[in-house]
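Enquirer: Take this structure first; my questions come after.
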Amino acid sequence: MGVLTPVRKGHMAGQGSWEEQYRALRMTPADAAALVRDGDTIVMTSSANWPYAIDNALAQRLRAIGGHIELDALFAPLDTALLAAENVDLVSYNANFFAGERKLLPHGNIRFVPTHLSATGAWMASRNPRVAVITCSAPDENGWMSRSLWGAQVHRRVLEQAETVIVEVNDQLPSFASDGEAHMMLHVSEVDGIVENSRPPAENPPVPADETDRRIAGYIADLVPDGACVQFGLGGLANAVGECLADAGKKDLGIQSEVLSNCVVTLMEKGVINNSRKQTCPGRSVGAYFVGDKALWDFARDNPVFSFKEIDWVNDPRNIARNDRVVSVNNAMEIDLTGQVNAESVGPRQYSGTGGQLEWVLGAQWSREGKSIIALRSSYRDSQGELHSKIVPQLAPGSIVTTPRTCVQYVVTEFGVADLRYKSTLERAKALIAIAHPDFREELSHSALL
């Protein structure tokens, strides 16, 4: 790792060695919770980086004093104490991406903030949080702590802005290589309090691919040239794409992706991904989140062929486009016959979030010889078993347009590929109907007056 320099001045900065500072900064979860005042806005890292010890202590303190805070985060785990039903009157929660949060919506204190994923840091900073609570790995021999699996959710600019930064050090969190611009390390001298905890981080085991995933992935793999820099997300489709890229004998692929998952390990071990032709961070796999299980963490832990960076750097379309032949793959919930993509809502009900989809659609198309792909199954069955098309004449009333039709290039289902770029609305409708489920093609054609 290159030479890093601490920026923020923590409570014990300059007072002895980092080891001495660490010992002086240690406190109990109750002591850390006492640093939060009634009326504060606080930010927290989430998912596998959720600070459980402080979360529990803060919930107890708020119940004791009858206080209220604003909590800004995303991907909050369902077993968080702060968002438990009994604490609804104590916490107002804002998130710019829903996962487990959608199950908590009936509580009435959950709010959605529409932003691109790269703007997470700017959004949190705009709320002027007085306190930041994050979870890090144990410090290395130089006192640097990795912000680890989900640390990119609280940007360094937010940490530098906050009056108080509290770190829950979890010795079971893996450390990842990170240096240079937009690095993901935090020095002991930059924090104001440390709570020690030892808790196995939540794993996200790979989702098995099914036959539909493999058919979609096969079409996607055909669009990926040797030397491409790829981006894809999570789930069975991502794993199927990885399998197809390996089986197809692709060579010299690179990767820059907001999420690095287990399928990346397989592609790197087989030499399919070696990052040898990338223009930025050559030789290194770049990501902002490590989402997978212990096999991924063990492979990536302190591995210098990875470069862990802030989400606003990874997802900046200008940075994405600096690499040639970028191929981005993103999922959709539905798409209408003009090419409008909804990837985040069920009608007006927020289901997930805008995420980084449009950022990757733009960045890939700005890249020299780049391609952006929207992938979706052609149909789904509802709870009664009735089949519905995901390619629709118009999006359902209230649906969110995640990616506008003007930006959509390739659309892939298990029935083929539609290239929509620079096509007329009539040509787009015909192309999309051709890859729709056969049971709905006649109906869609009638809707489009074909």
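The values are calculated or read from the model by the stated rules, or taken from the named source; none is laboratory data. Nothing here was measured: the structure is a model prediction, and the numbers come from that model. Virtual Cβ from ideal backbone geometry, glycine too; neighbours counted across all protein chains shown. Ligands, DNA and RNA are stripped out before the accessible areas are found, and what is left, the full protein with its side chains, is counted by its heavy atoms. Shrake-Rupley method; radii C 1.70, N 1.55, O 1.52, S 1.80 Å.
Enquirer: Could you grab the relative contact order for the chain? Cα pairs under 8 Å, six or more apart, rounded to a whole percent.
Expert: 13
Enquirer: Cross-link list Lys278/Lys371; Lys371/Lys423; Lys278/Lys309; Lys251/Lys309: which exceed 23 angstrom alpha carbon to alpha carbon?
Expert: On the way: Lys278/Lys371 16 Å; Lys371/Lys423 16 Å; Lys278/Lys309 16 Å; Lys251/Lys309 25 Å.
With Cα atoms farther than 23 Å apart: Lys251/Lys309.
Enquirer: Over region 180-222, what percent of the accessible surface lies on carbon and sulfur atoms, probe 1.4 Å?
Expert: 47
Enquirer: By the scheme Lys and Arg +1, Asp and Glu -1, what is the net charge of all other residues having a beta-carbon under 10 Å from that of Val314?
Expert: -4
Enquirer: Could you calculate the contour length gain from Asp226 to Glu19, that is, 0.36 nm times the residue separation minus the distance between their Cα atoms, to one decimal place in nm? Kindly include the intermediate steps, with their values, before the conclusion.
Expert: Values: separation 207, 0.36 × 207 = 74.52 nm, distance 4.78 nm.
Extra length from Asp226 to Glu19 when fully extended: 69.7 nm.
Enquirer: With label points built 7 Å along Cα→Cβ from the Cα atoms of Glu442 and Asp140, find their separation and express it in nm.
Expert: With each label point 7 Å from Cα toward Cβ, the separation is 6.5 nm.
Enquirer: Take the Cα atoms of the chain, find their three principal axes, and give me the spread along each one in whole Å, biggest first.
Expert: Taking the Cα atoms of the chain, the three principal extents are 73, 49, 32 Å.
Enquirer: Need one number: the % of Cα-Cα pairs in region 257-304 sitting beyond the 16 Å mark.
Expert: Counting pairs separated by more than 16 Å, the tail of P(r) holds 36 percent.
Enquirer: Only Cα pairs within less than 10 Å get springs; with that Gaussian network setup on the chain, which residue of Arg63, Arg111, Arg284 has the largest fluctuation?
Expert: Per the Cα network of the chain with a 10 Å cutoff, Arg63 tops the list.
Enquirer: If you don't mind, there's one more thing I want to ask. What is the sum of charges, Lys and Arg at +1 and Asp and Glu at -1, for the other residues whose Cβ falls under 12 Å from the Cβ of Asp252?
Expert: Values: positive: Lys250, Lys251, Arg277, Lys278, Arg325; negative: Asp226, Asp324.
Residues near Asp252 contribute +3 overall.
Enquirer: Run the quick spin-label model on His107 and Arg199: label points 7 Å from Cα toward the beta carbon, then report their separation in nm to one decimal.
Expert: For the pair His107/Arg199, the computed spacing is 1.4 nm.
Enquirer: Within region 1-39, what residues put their amide N at less than 20 Å from the label point 7 Å along the Cα-to-Cβ vector of Arg157?
Expert: The answer is 5-9.
Enquirer: Going 7 Å from the Cα of Glu211 toward and past its Cβ, which residues in region 407-430 have a backbone nitrogen under 14 Å from where you end up?
Expert: Only 414-415 fall inside the zone, counting backbone N under 14 Å.
Enquirer: Just how much of Cys407 is accessible, in Å², when a 1.4 Å probe is used and the result is rounded to the nearest 10?
Expert: Ignoring ligands and nucleic acids, Cys407 comes out at about 30 Å².
Enquirer: Report the semi-axes of the equivalent ellipsoid for region 364-450 in whole Å, largest first, where each axis is √(5λ) for an eigenvalue λ of the Cα gyration tensor.
Expert: Numbers: eigenvalues 107, 45, 35 Å².
Taking √(5λ) for each Cα gyration eigenvalue gives 23, 15, 13 Å.
Enquirer: Right, another one. Kindly provide the Kirkwood hydrodynamic radius of region 203-270 in Å, to one decimal, from all pairs of distinct alpha carbon atoms.
Expert: Across region 203-270, the inverse of the average 1/r is 11.9 Å.
Enquirer: What accessible area per residue comes out for the chain, rounded to a whole number of Å², with a 1.4 Å probe?
Expert: Solvent-accessible surface per residue comes out at 39 Å².
Enquirer: Which residue, Gln365, Gln384, Gln231, tops the fluctuation ranking in a GNM of the chain built on C-alpha contacts under 10 Å?
Expert: Gln384
Enquirer: Place a +1 charge on the Cβ of each Lys and Arg in region 344-450 and a -1 charge on the Cβ of each Asp and Glu, then give the dipole magnitude about the Cα centre in debye, rounded to the nearest 20.
Expert: So the dipole magnitude of region 344-450 works out to roughly 280 debye.
Enquirer: For the chain, what is the mean residue ellipticity at 222 nm derived from helices alone (per DSSP H run of n ≥ 4: -39500 (n - 2.57); sum divided by total residues; nearest 500 deg cm²/dmol)?
Expert: -7000 deg cm²/dmol
Enquirer: Between helix 235-247 and the chain, what is the angle of the helix's C-alpha long axis to the longest principal axis, kept within 0 to 90° and rounded to the nearest 10?
Expert: Roughly 70 degrees, rounded to the nearest 10.
Enquirer: Express the Stokes-Einstein translational diffusion coefficient of region 410-450 in µm² s⁻¹, to the nearest whole number, given a Kirkwood radius over alpha-carbon pairs, 4 °C and a viscosity of 1.567 mPa s.
Expert: Approximately 126 µm²/s, per Stokes-Einstein.
Enquirer: Turning to a different aspect of this structure: Roughly how many percent of the accessible protein surface of region 379-422 is carbon and sulfur, given a 1.4 Å probe and a whole-percent answer? Show your work: numbers first, answer last.
Expert: On the way: 1130 of 2280 Å².
Carbon plus sulfur share of accessible area: 49 percent.
Enquirer: For region 225-376, give the share of DSSP beta bridges that are antiparallel, in percent and rounded to the nearest 5; count only bridges with both residues there.
Expert: 20
Enquirer: Could I have the simple spin-label model distance between Leu449 and Ala396, label points 7 Å from Cα toward Cβ, reported in nm to one decimal?
Expert: According to this spin-label approximation, the distance is 2.7 nm.
Enquirer: Return the percentage of antiparallel bridges among DSSP beta bridges fully within region 339-421, rounded to the nearest 5 %.
Expert: Within region 339-421, antiparallel bridges account for around 75 percent of the total.
Enquirer: Name the long-range amide H neighbours of Gly10: under 5 Å, sequence gap of 5 or more, or other chain; modelled H, no Pro or chain starts.
Expert: Close amide H contacts, sequence-distant or interchain: Glu190, Val191.
Enquirer: Using just the Cα positions, wrap region 1-147 in a convex hull and report its mean projected area in square nanometres, one decimal place.
Expert: Projected over every direction and averaged, the Cα hull of region 1-147 covers 9.7 nm².
Enquirer: Quick one: plug the Kirkwood hydrodynamic radius of region 354-408 (C-alpha pairs) into Stokes-Einstein at 37 °C, 0.692 mPa s, and report D in µm²/s.
Expert: 245
Enquirer: Per q in 0.26, 0.28 1/Å, what log10 I(q)/I(0) does a Debye calculation on the alpha-carbon atoms of region 127-166 return?
Expert: -0.93, -1.01
Enquirer: To continue, here is another question. For the chain, give me the percentage of DSSP beta bridges that are antiparallel, rounded to the nearest 5 percent.
Expert: 25
Enquirer: With the chain treated as a Gaussian network of Cα nodes joined by springs under 10 Å, which of Ile435, Ile216, Ile65 yields the largest mean-square fluctuation?
Expert: Ile65
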